[in-house]
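Quick notes on the structure that follows.
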Amino acid sequence: MRLLRSNLRKLVRRPATWVTFLLLVALLLLIFVAIVASTAQESDPEVALAARLVVTFPEAYPVVLSLILGIGGLLALCYGGAIAGSEWQWGTLKAAVARGEGRSRYTLLTYAGVALFAILGLLAAFAVGVACAAVGATILDVPLDGMGDGRALGRLPEQVGRAALAVSMNTALGYAIATIARSQLAGIGVGIGVYFAEGIASIFLPSVIQWFPFSAAGAVVAQGGDVSFGGGGEAVATTVLDPNVAVVVVLAWLVAALGVSAVMTERAEIGG
Amino acid sequence: MTDATGVALATQGLAKRYGPRIALDGLDLRVPTGVVYGFLGPNGAGKTTTMRILTGLVHADAGRVELLGRPFGRGDRRRLFEVGSLIEAPSFYPFLSGRENLRALAAAGAPAPRGRIDELLTLVNLRDRAGDKVSGYSLGMKQRLGIAGALLSDPKLLLLDEPANGLDPAGIVGMRDTLRALAASGKTVFVSSHILSEVQQLADVVGIIARGRLVREGTIDQLLREEGAVRIRVAPDEVAVAAPILARVAGEGAVELDDGPEGGWLTVRIDPHRSSELNRALAESGVFAARIEGGATLESLFLGVTGSRPDVGTGTGGGEAPPPVVWATDPGRKQPETTGWSS
């Protein structure tokens, strides 16, 4: 617990934590401003109606979560990569191991701290997103009655839990890539590359790519046939996994990423 | 090879290879308990690789390591709870303060006693800057903080890689006094360095490593005595007479004719303390030495046994060798009383 507490203290003080969160919130705000502005000026009633759904409650709840998973997935990957890479680059992992700390233990507890902050970021961003949607609804004269919809609110904890799992997996993926690369920049760069490659590949090989991490993460809160904000950062109508199957796939990716991180750290020759 | 028998650190046949390059080639070390051990070697000799193996950062391809009397290998990480180390550059989170960094370090591995962090910050004279972010620290301040980090869990064995890096003269004196005090209290300090003057002032015992092997080990006095040489200059036409006289004192094969440009120089492999015997033997035979230069220095010993040659300022094509370094020694000089690391 002493190591986990210390990791949490470090992450609170770490600029990357706040930069990542503020970037997520800024992008979210930008998206809502764009949606509201374009909807207000849209002459095609069908397009306008589709856009209004983003600010129409209770449908807005899963849409906001899906939006956050789309942008936040990439940011979570970068955040995980930054933390894992810096442990190698700054030599702080080396210092801990030389003090007799267990390599896997250190790696997994550091990840636990990162995942906890990523989930907190998700919750805070969700609150911001819901507020934005409510403001957008007010501007577009969409009634807010659905906000208090009992069924939708009842499903919310499960939806948020699924999103938390997806964000944790994205974080773990960045963490694993940076652990292999032993560098912040290389980890983040490769992570971003994988994210966009998956997004592009999903256009050509949707039935294969649906099993890949970002697509599966996008599917954990998506409804069958819904718009998914998955890999590639774009709203792409793709072949989407059943949400329950997606949860299992995401869990498998999470375990695999953590396993790779632990094994790589355990076997590594630490220098520098 | 046990702590009870007075050996804090021992390696046997330690070998490590990085691809085709051999870093360690059967390294055998024995570091007695309660001493400052200077681990010397030229760049690339295997010092840092040894340190990394001793702290579990890399694993040896072959050989054995014993730390504080017990075997140390994969899975024995808890042996390191009694070992403090500073390997290569000090490692810190730049966005945290010095105190927060020590707290973060104390959370990993061996627990640190309560109040230890403030105690150490005072010891390394960083108390006033303890709240500042490490990103604003100078190299010397980071080095001090690194040494404080190595001392966190009050280790029995301290492994320091080039600890004087970046320290100012006051910092070096403070570090030296601290390390001497630790050794005096029964702890063992293993210091890797290539700053020979620093090691000569600090270490009780030195080990010299070259090409991954230990080439000399012992107290500095002992090594200098063993490797000692005396250079004697006589009239050039008396060299043939002087050589056998000197050989009678120093032994067959101990006398070499120095073929330097001036002529008349003979090098005698003998304990420099016996130079008066040589002088007397020559005088009794009616040969008088024009000059007698005594003794190997740690530097000449180091250069000799490691096969290192100065690569700067010697020019090309057999230019003149640099003049010999004369160690300024002042037997009357008192050790500083302070252990402060003032900046």
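Coordinate-derived values only; no laboratory data. Just so it is clear, the structure is predicted and the values come from calculations on it, not from any experiment. Cβ: placed from backbone, ideal geometry, glycine included. Neighbour counts: every protein chain shown.
Relative to the longest principal axis of the Cα atoms of chain A, the long axis of helix A:150-181 lies at roughly 40 degrees. With contributions of -39500 (n - 2.57) from each DSSP H run of at least four residues, the per-residue ellipticity at 222 nm computed over the protein assembly as shown stands at -16500 deg cm²/dmol. Start at zero, step by 10 Å, and the Cα-Cα distances of region B:51-177 spread as 13, 43, 32, 11, 1 percent across the bins.
Only Lys, Arg, Asp and Glu carry charge here, each on its Cβ (+1 for the first two, -1 for the last two); on that basis chain A has a dipole of about 1640 debye about its Cα centre. Helix A:15-41 and the longest principal axis of the C-alpha atoms of chain A enclose an angle of approximately 20°.
For B:K142, the lysines whose Cα comes closer than 29 Å to its Cα, not counting residues fewer than 8 places off in the same chain, are A:K10, A:K94, B:K47, B:K133, B:K156, B:K187.
Near A:P58, within a Cβ-to-Cβ distance under 11 Å, what is the net charge of the other residues, with Lys and Arg +1 and Asp and Glu -1? Can you show the working numbers first?
Values: positive: A:R151, A:R155; negative: A:E59, A:D145, A:D149.
Combined, the nearby Lys, Arg, Asp and Glu give -1.
Can you sort B:R30, B:R176 so the residue with the fewest Cβ neighbours within 10 Å comes first? Before the final figure, lay out each step's value.
On the way: B:R30 18, B:R176 21.
Arranged by neighbour count, lowest to highest, B:R30, B:R176 become B:R30, B:R176.
Taking all Cα-Cα distances within region B:146-210, those exceeding 15 Å account for 49%.
Look at the alpha carbon pairs under 8 Å that are at least 6 residues apart: their mean separation over the length of chain A gives a relative contact order of 25 percent. Working from Cα pairs under 8 Å separated by at least six residues, relative contact order for chain B is 19 percent. Considering only B:G251, A:W253, B:V241, the residue lying farthest towards the positive end of the dipole of the protein assembly as shown is A:W253, judged by Cα position with unit charges set on Cβ.
Normalised Debye scattering of region B:223-276 at q = 0.15 Å⁻¹ gives log10 I(q)/I(0) of -0.37, counting only Cα atoms as equal scatterers and leaving out solvent.
How big is the charge dipole of region B:37-172 about its Cα centre, in debye rounded to the nearest 20, if each Lys and Arg gets +1 on its Cβ and each Asp and Glu gets -1 on its Cβ?
360
Which of A:Y79, B:Y18, A:Y195 has the fewest other C-beta atoms within 10 Å, and how do the rest follow up to the most?
Details: A:Y79 32, B:Y18 13, A:Y195 22.
Lowest to highest Cβ neighbour count: B:Y18, A:Y195, A:Y79.
All C-alpha to C-alpha distances of the protein assembly as shown, sorted into 10 Å bins beginning at zero, yield P(r) values of 3, 14, 19, 17, 14, 11, 9, 6, 3, 2, 1, 0, 0 percent in whole numbers. For B:I270, nonlocal amide neighbours, meaning residues 5 or more places apart or on other chains whose placed amide H falls under 5 Å from its own, are B:A229, B:V230.
Each Cα pair under 8 Å and six or more residues apart adds its separation to the average, and for region B:10-107 the resulting relative contact order is 25 percent. Axis angle, to the nearest 10 degrees, between helix A:243-267 and the longest C-alpha principal axis of chain A: 20 degrees.
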